[in-house]
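Peer 1: The structure's right below; bear with me while I get my questions together.
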Amino acid sequence: MAFEPKRPQKTYTYDDVRLFTDEELKNYTAEEEKNFKIKHDIPLLEKLESGPWPSFVADAKRYALRRRKLGEEGKLLISPDVVEDLLGQVELSFVHGETHWKHGGIVGVIGYGGGVIGRYSDLAAKYPGVAHFHTVRVAQVPSKFYNTAFLRGLADLWEYRGSGMLNLHGSTGDIILLGTFTEQLEPLFQELTQVLDVDLGGSGSNLRTPECCLGKARCQYALYDTQEMCYEMTMHYQDELHRPAFPYKFKFKFDGCPNGCVASIARADLSFIGTWCDDIRIDQDAVQGYINGEFPPGGGSHSGKDWGKFDIYAEVIDRCPTGCMSLEGGELVIDNPNCTRCMHCINTMPRALRPGVETGVSLLFGAKAPILEGAQMSVLVIPFMKAEPPYDNVKEMINKMFEWWMDEGKNRERLGETIQRVGLQRFCDIMGLPPAPQMVKEPRTNPYIFWKEEDVPGGFERDINDYRSRHAR
Amino acid sequence: MALSKDRLGRFNPDKHMEGRVTDIGPRHYWQFFPPVIQNNYGKWAYHEILEPGVLVHVSETGDKAFTVRCGGMRFMTVDFVRELCDIADRFSDGYVRFTTRNNIEFIVDSLEKVEALKAELAKHTFAIGGSLKFPVGGTGAGVTNIVHTQGFIHCHTAAVDASSMVKALMDGLFEHFTSMDLPAQVRVSMACCLNMCGAVHCSDIALLGYHRKPPAIDHEVLHKICEIPLAIASCPTAAISPAKTEDGLKTVKLKVERCMFCGNCYTMCPALPLADGQGDCVVMMAGGKVSNRISMPTFSKVVIPYLPNNHPLFPEVVEATKQVLNAYAADARKYERIGDWAQRIGWEKFFEKCNLPFTEHLIDDYRLAYDTYRTSTQFKYTEAAWAVTRAAEGEE
Ligand code: HEM
Ligand code: HEM
Ligand code: SF4
Ligand code: SF4
Ligand code: SF4
Ligand code: SF4
């Protein structure tokens, strides 16, 4: 397997990069934490401090204390009050039932068209700490494993040059650093790339940071190397990621199997979903093990309730959506050409069944959220493709698609909307793909076929006199 | 190389291209994998969930990776990041992972380490209020963490806040996070406006912030800050047209009866805000999923058109979610997702069993609405059907 990064990777310990001393990191006591009052009254937010689920309010408050102390010692570049002012503004937003962020604001770093979302408070006089509150998107590690050196380095950097508040992770998958002033955007960017060795993510009308499931790192179902492919595609399309040239945003997401843990079919303009084309591997002894109750079905996923003894008919064979499984002479038999690889039997008896070994990806295009014309899921366009480094076959498809979409797509039109506007036939034509029944749930129910002139003998040019020679007026 | 303490760090405003590094992309993943992951990459044979929140993955090499999954706040501070790093340094060789659904995972290579880790995690509670910092759970047939969006913490188009609703909901659903007693996994998602950054439209239960008043028009500045043709073109229902103010300024006017409150015009034009504390609300959708397991991926359907935006505890939202969840838990078959269950029993029974009213707002009237109308005599009798019969004077 290839584990080659496209460029040498820096390794560093926290001590190599750190900004704060141990004393500075532990600058408040539990006693101080309990007695700390922030400068605004926030009775509504304080209702969210109890209850078992982690409280972001409690976290923000204790951090406000730490920031105030660091600020008093002159150790921060951004207002020490930023957390307190954010809480104050959110509290007032609760009272009004309305957000207090202004619309947009174009800020960014030189040479990039995305990665920073400008944000300004409409209550800057009252909450000066959040007068500017720009977000910086930082590219997540594919499948989101980290070591503490990286996270601690990022924490120091963001505390010093930003609000110290962040999302791990935002909904596209990027690390989202929440809130800094315009002045600190360039310095932040340079520290990120030159010291922490990480780039900004995407925003705007460009490729967003591709995202993948955890795949082969810790999942037996991964049918291709999601991290590898995600990383390769991210690196290959850096220009598309940083310099917006598309009609609208574009997302790649990589699911290792039809279980779809990163929800690519719902969220990605181009969804890569692992699949196989040979037979499900069966360990008949383990099948008996499940029947005899030696192994918990679903790897124990339903153990919180007594569902009775495992019944292979009720739970697997009769639930198979294609009816392609049977027990014959005590052996499980699968009619593989009729299996649609839904994963149910494999998920339910993970010790007995494994996907095949001839694996690849299905390519589905066009998912998007409801804006504008309604939600769409990705459409199965390429049922099976080998997915092996350097993925030249896949890149070729992608390049064809980008070229066409940049030409044909209207402003703020997602790929799925362009496909809907011009028709799937036209899209397949552009991609050089023949039509296939796999692309539709069923054939069309209306006969309004847009025949082309070349389809019809004699073409569309008609002579009315010729017609009239046979038909009186 | 240490991080810079200079006010502008490595940035020189006079020579801004100096030393600049761009297009390096994300960190490569390999060095962030714990040894047990590196050694068994692509060799995993099967997994088991030992207890809620604790998984073991067994490799063909015989190695085992034990994962402890904790519910996470996606909004956090660097204090919290450092606290979880302290735990990772002490218990999991300095490695930690985040899931797509904002959970936090610590991976270790023995069961003893799992026990030590769990004992440690249980000790971490907030001094203020006492909530857990690292609740263990979120596996199997239960409710895992709610994916959500920015809300009032960062976004300018939010119709409701996100973090507060999620905190209140997860408190309310906590027993399902720490157990696996539902018919199948239940994925709850939350988005604070129709842009759906969290793309909640394929979730078992989706909560969506929604505006219910057309944009207010800021005539005074519109001509200055808005590209009028773009604003007009942005409206999917052609509700916006050009107009002039009494003072002769260029502006727009609205056919309010056409507005579906999508906010697309506001995205294009800051002079058309929709937010309104009185009008904004929460919509519940249900029955969607992204997995291909048994049934195909499906969209969520609107099941409650209006719930109040009652910040910060959203009692009506929490109650309604529990109502649907309880009806589902009591009635669905093993492996049935909420949508599979509704499909099997029929949506009329879904509304009956969940005790939800069916209102006119639940009948599609957007494009292609006809596809969702029932063109069959196959239906089940519920009170709603008899109400129609009575209205039609179809009873003696
Ligand atoms: C017309 C459609 C959309 C508009 C106008 C829109 C607008 C925005 C805006 C303004 C933000 C910034 C929020 C903030 O941090 O203040 C944002 C964030 C984001 N959007 Fe969208 N969005 C749209 C569609 C989508 C879609 C379809 C997706 C994903 C499939 C998406 C994913 C995200 C993500 C991941 C973020 C980051 C914020 C977060 O993590 O919650 N957006 N979007
Ligand atoms: C403009 C459109 C959209 C934006 C900006 C957007 C953004 C996002 C973001 C940022 C996330 C978080 C991803 C993560 O945490 O890994 C997310 C998650 C998700 N999105 Fe979207 N999304 C959009 C559209 C959609 C659409 C159209 C769908 C589905 C049809 C969708 C379905 C999902 C789902 C299911 C998740 C959660 C995945 C999970 O289970 O963890 N999104 N979206
Ligand atoms: S999508 Fe499939 S391969 Fe990827 S993590 Fe989920 S189950 Fe595993
Ligand atoms: S993967 Fe699905 S379709 Fe194929 S045999 Fe198993 S249950 Fe049936
Ligand atoms: S869902 Fe809407 S309100 Fe929420 S972060 Fe996205 S764009 Fe903003
Ligand atoms: S909110 Fe949507 S429907 Fe209403 S005017 Fe604006 S763009 Fe048109």
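The values are calculated or read from the model by the stated rules, or taken from the named source; none is laboratory data. Worth saying up front: this structure is predicted, and the values here are computed from it rather than measured. Glycine gets a Cβ as well: all are built from the backbone with ideal geometry, and neighbour counts include every protein chain shown. Calculation scope for accessible area: heavy atoms of the full protein, side chains included, ligands and nucleic acids excluded. Shrake-Rupley method; radii C 1.70, N 1.55, O 1.52, S 1.80 Å.
Peer 1: Hey, among A:Gly179, A:Gly202, A:Gly173, which residue is open to solvent by less than 10 Å² (accessible area, probe 1.4 Å), modelled with pLDDT under 95 and within 8 Å of chain B (Cβ to nearest Cβ)?
Peer 2: Values: A:Gly179 fails: modelled with pLDDT under 95; A:Gly202 fails: within 8 Å of chain B (Cβ to nearest Cβ).
So the residue among A:Gly179, A:Gly202, A:Gly173 that is open to solvent by less than 10 Å² (accessible area, probe 1.4 Å), modelled with pLDDT under 95 and within 8 Å of chain B (Cβ to nearest Cβ) is A:Gly173.
Peer 1: If you go through region A:99-108 one residue at a time, how many are within 12 Å of ligand 5 (Cβ to nearest atom) and assigned to a loop (DSSP other than H, G, I, E, B)?
Peer 2: So in region A:99-108, the residues within 12 Å of ligand 5 (Cβ to nearest atom) come out as A:99, A:101, A:103-104.
This time we only want the ones that are assigned to a loop (DSSP other than H, G, I, E, B), so: A:99, A:103-104.
Counting residues in region A:99-108 that are within 12 Å of ligand 5 (Cβ to nearest atom) and assigned to a loop (DSSP other than H, G, I, E, B) gives 3.
Peer 1: Taking region B:83-103 as the search range and keeping residues that are facing chain A (nearest Cβ under 8 Å) and either touching a Ser or Thr at 6+ places or on another chain (Cβ under 6 Å) or in a loop (DSSP other than H, G, I, E, B) (or both), which one is most open to solvent (accessible area, probe 1.4 Å)?
Peer 2: Per the stated criteria, the residue is B:Asp89.
Peer 1: Additional query: Based on this model, can you work out whether A:Arg426 counts as surrounded by 14 or more Cβ atoms within 10 Å (Cβ to Cβ), of a type in the set (Lys, Arg) and within 16 Å of ligand 3 (Cβ to nearest atom)?
Peer 2: Working: surrounded by 14 or more Cβ atoms within 10 Å (Cβ to Cβ): yes; of a type in the set (Lys, Arg): yes; within 16 Å of ligand 3 (Cβ to nearest atom): no.
When the stated conditions are applied, A:Arg426 does not pass them.
Peer 1: Could you run through region B:255-300 and say how many residues are part of a strand (DSSP E or B) and at the interface with chain A (Cβ under 9 Å from one of its Cβ atoms)? Show your work before the answer.
Peer 2: The first filter runs over region B:255-300 and keeps only residues part of a strand (DSSP E or B), leaving B:281-286, B:289, B:298.
Retained after the next criterion (residues that are at the interface with chain A (Cβ under 9 Å from one of its Cβ atoms)): B:289, B:298.
Within region B:255-300, residues that are part of a strand (DSSP E or B) and at the interface with chain A (Cβ under 9 Å from one of its Cβ atoms) number 2.
Peer 1: Which pairs have Cβ atoms under 7 Å, sit 6 or more apart or on different chains, and link a residue in region A:316-342 that is within 13 Å of chain B (Cβ to nearest Cβ) and in contact (Cβ under 8 Å) with a residue 40 or more places away in the chain to one that is of a type in the set (Ser, Thr, Tyr) and away from ligand 6 (no atom under 16 Å from the Cβ)?
Peer 2: A:Cys339/A:Thr322; A:Arg341/A:Thr275
Peer 1: So, in region B:190-209, how many residues would count as being open to solvent by less than 50 Å² (accessible area, probe 1.4 Å), in contact (Cβ under 8 Å) with a residue 60 or more places away in the chain and either within 12 Å of B:Cys265 (Cα to Cα) or not charged (D, E, K, R) (or both)?
Peer 2: Going through region B:190-209 one residue at a time, the tally reaches 11.
Peer 1: Next question. Looking at (1) free of Cβ contacts under 8 Å to residues at least 60 places away in the same chain; (2) over 28 Å from A:Leu45 (Cβ atoms), can you tell me which one B:Pro270 breaks?
Peer 2: (2)
Peer 1: Of the residues that make up region A:405-413, is at least one surrounded by 19 or more Cβ atoms within 10 Å (Cβ to Cβ), within 12 Å of another protein chain (Cβ to nearest Cβ) and either away from ligand 3 (no atom under 16 Å from the Cβ) or within 30 Å of A:Asp283 (Cβ to Cβ) (or both)?
Peer 2: Of all residues in region A:405-413, those surrounded by 19 or more Cβ atoms within 10 Å (Cβ to Cβ) come to A:405, A:409, A:413.
Subset that is within 12 Å of another protein chain (Cβ to nearest Cβ): A:413.
From what is left, the residues that are either away from ligand 3 (no atom under 16 Å from the Cβ) or within 30 Å of A:Asp283 (Cβ to Cβ) (or both) are A:413.
Within region A:405-413, one or more residues are surrounded by 19 or more Cβ atoms within 10 Å (Cβ to Cβ), within 12 Å of another protein chain (Cβ to nearest Cβ) and either away from ligand 3 (no atom under 16 Å from the Cβ) or within 30 Å of A:Asp283 (Cβ to Cβ) (or both).
Peer 1: A further question follows. Answer yes if at least one residue in region A:225-243 is open to solvent by 10 Å² or more (accessible area, probe 1.4 Å), more than 22 Å from A:Ile398 (Cα to Cα) and within 9 Å of chain B (Cβ to nearest Cβ), and no otherwise.
Peer 2: The answer is no; no qualifying residue exists.
Peer 1: If you check every pair at least six apart or on different chains, which have Cβ atoms under 9 Å apart with a residue in region B:149-171 that is facing another protein chain (nearest Cβ under 8 Å) and closer than 16 Å to A:Leu123 by Cβ first and a residue that is within 12 Å of ligand 1 (Cβ to nearest atom) and of a type in the set (Lys, Arg) second?
Peer 2: B:His154/A:Arg119; B:Cys155/A:Arg119; B:His156/A:Lys102; B:His156/A:Arg119
Peer 1: Looking at region A:40-58, which of its residues are on the phi < 0 side of the Ramachandran plot and either modelled with pLDDT under 95 or within 7 Å of chain B (Cβ to nearest Cβ) (or both)? Show your work before the answer.
Peer 2: Here is the first cut: in region A:40-58, the residues on the phi < 0 side of the Ramachandran plot are A:40-50, A:52-58.
If the condition is that a residue be on the phi < 0 side of the Ramachandran plot and either modelled with pLDDT under 95 or within 7 Å of chain B (Cβ to nearest Cβ) (or both), then A:Leu44, A:Leu45, A:Lys47, A:Leu48, A:Glu49, A:Ser50, A:Pro52, A:Trp53, A:Pro54, A:Ser55, A:Phe56, A:Ala58 are the ones that fit.
Peer 1: For region A:131-147, does any single residue satisfy the condition of being open to solvent by 10 Å² or more (accessible area, probe 1.4 Å), facing chain B (nearest Cβ under 7 Å), under 16 Å from B:Ile104 (Cα atoms) and among the small types (Gly, Ala, Ser)?
Peer 2: Pass one, region A:131-147, residues open to solvent by 10 Å² or more (accessible area, probe 1.4 Å): A:131-132, A:137, A:147.
Within this subset, residues satisfying the condition of being facing chain B (nearest Cβ under 7 Å) are A:147.
Those left that are additionally under 16 Å from B:Ile104 (Cα atoms): A:147.
Keeping just the survivors that are among the small types (Gly, Ala, Ser) gives none.
No.
Peer 1: A follow-up question, please. Considering only residues that are open to solvent by less than 40 Å² (accessible area, probe 1.4 Å), within 30 Å of A:Thr29 (Cβ to Cβ) and of a type in the set (S, T, N, Q), which ones fall in region B:104-135?
Peer 2: B:Ser131
Peer 1: On to the next question. Can you name every residue in region A:274-331 that is among the small types (Gly, Ala, Ser), out of contact with any helix residue (DSSP H, G or I) (no Cβ under 7 Å at 6 or more places or on another chain) and surrounded by fewer than 14 Cβ atoms within 10 Å (Cβ to Cβ)? Steps first, answer last, please.
Peer 2: So in region A:274-331, the residues among the small types (Gly, Ala, Ser) come out as A:274, A:286, A:289, A:293, A:298-301, A:303-304, A:308, A:314, A:323, A:326, A:329-330.
In the following step, the residues that additionally are out of contact with any helix residue (DSSP H, G or I) (no Cβ under 7 Å at 6 or more places or on another chain) were identified as A:274, A:286, A:289, A:293, A:299-301, A:303-304, A:308, A:314, A:323, A:329-330.
A:Gly293, A:Gly308, A:Gly323, A:Gly329, A:Gly330, listed by residue number.
Peer 1: Further, regarding this structure: From the list A:Asp255, A:Asp269, which one is touching a helix residue (DSSP H, G or I) at 6+ places or on another chain (Cβ under 8 Å) and within 16 Å of ligand 4 (Cβ to nearest atom)? Outline the logic, then answer.
Peer 2: On the way: A:Asp269 fails: within 16 Å of ligand 4 (Cβ to nearest atom).
The match here is A:Asp255.
Peer 1: Here is a follow-up. Any residue in region B:221-237 that is within 11 Å of another protein chain (Cβ to nearest Cβ) sitting within a Cβ distance under 7 Å of a residue that is assigned to a helix (DSSP H, G or I) and more than 15 Å from ligand 1 (Cβ to nearest atom)? List the pairs, counting only those 6 or more apart or interchain.
Peer 2: B:Thr237/B:Arg258
Peer 1: Same structure, new question: What number goes with the only condition from (1) away from ligand 1 (no atom under 16 Å from the Cβ); (2) part of a loop (DSSP other than H, G, I, E, B); (3) within 26 Å of A:Gly105 (Cα to Cα); (4) not small (Gly, Ala, Ser) that B:Pro229 does not pass?
Peer 2: All conditions are met except number (2).
Peer 1: Moving on to the next point. Give the residues of region B:60-71 that are more than 7 Å from every other protein chain (Cβ to nearest Cβ) and part of a loop (DSSP other than H, G, I, E, B), sorted by residue number.
Peer 2: B:Glu60, B:Thr61, B:Gly62, B:Asp63
Peer 1: Still on this structure, please answer the following. Taking the criterion of being away from chain A (no Cβ under 14 Å), among the basic types (Lys, Arg) and over 17 Å from the mean Cα position of the chain (by Cα), would at least one residue in region B:341-352 satisfy it?
Peer 2: From region B:341-352, those away from chain A (no Cβ under 14 Å) are B:342, B:345-352; that's our starting set.
Checking which are among the basic types (Lys, Arg) leaves us with B:349.
Filter again for over 17 Å from the mean Cα position of the chain (by Cα), leaving B:349.
The answer is yes; a qualifying residue exists.
Peer 1: Then there is this: Looking only at region B:177-222, which residues are assigned to a helix (DSSP H, G or I) and away from ligand 2 (no atom under 16 Å from the Cβ)? Lay out the reasoning, then the answer.
Peer 2: We begin by selecting, within region B:177-222, every residue assigned to a helix (DSSP H, G or I); these are B:177, B:200-202, B:219-222.
Listed by number, the residues that qualify are B:His219, B:Glu220, B:Val221, B:Leu222.
Peer 1: Oh, and also: Are there any pairs with C-beta distances below 6 angstrom linking a residue in region A:359-388 that is on the phi < 0 side of the Ramachandran plot and within 16 Å of ligand 3 (Cβ to nearest atom) to a residue that is small (Gly, Ala, Ser) and assigned to a strand (DSSP E or B), with the two at least 6 apart or on different chains, and if so which?
Peer 2: Going by the 6 Å Cβ cut-off, the qualifying pairs are A:Val361/A:Gly274; A:Leu364/A:Ser271; A:Ser378/A:Ser271; A:Ala387/A:Gly360.
Peer 1: Let me ask something else about it. Working only within region B:31-59, note down all residues that are more than 9 Å from chain A (Cβ to nearest Cβ) and open to solvent by 40 Å² or more (accessible area, probe 1.4 Å).
Peer 2: The answer is B:Pro35, B:Asn39.
Peer 1: Among the numbered criteria (1) in contact with a helix residue (DSSP H, G or I) (Cβ under 9 Å, 6 or more places away or on another chain); (2) more than 14 Å from every other protein chain (Cβ to nearest Cβ); (3) in a loop (DSSP other than H, G, I, E, B), which one does A:Pro370 miss?
Peer 2: (2)
Peer 1: Restricting attention to region B:356-379, which residues are assigned to a loop (DSSP other than H, G, I, E, B) and farther than 27 Å from B:Ala327 by Cα? First the steps, then the outcome.
Peer 2: Our first condition is that a residue be assigned to a loop (DSSP other than H, G, I, E, B); within region B:356-379, this holds for B:356-359, B:363-368, B:373-379.
B:Asp365, B:Tyr366, B:Arg367, B:Leu368, B:Thr375 - these are the residues of region B:356-379 that are assigned to a loop (DSSP other than H, G, I, E, B) and farther than 27 Å from B:Ala327 by Cα.
Peer 1: Give the residue that is most open to solvent (accessible area, probe 1.4 Å), with candidates limited to residues of region A:30-53 that are part of a loop (DSSP other than H, G, I, E, B) and of a type in the set (Lys, Arg). Spell out how you get there, then give the answer.
Peer 2: Taking region A:30-53 and keeping what is part of a loop (DSSP other than H, G, I, E, B), we get A:36-42, A:47-53.
Okay, now just the ones that are also of a type in the set (Lys, Arg), so A:37, A:39, A:47.
Details: A:Lys37: 150, A:Lys39: 97, A:Lys47: 108 Å².
Checked region A:30-53; the qualifying residue most open to solvent (accessible area, probe 1.4 Å) is A:Lys37.
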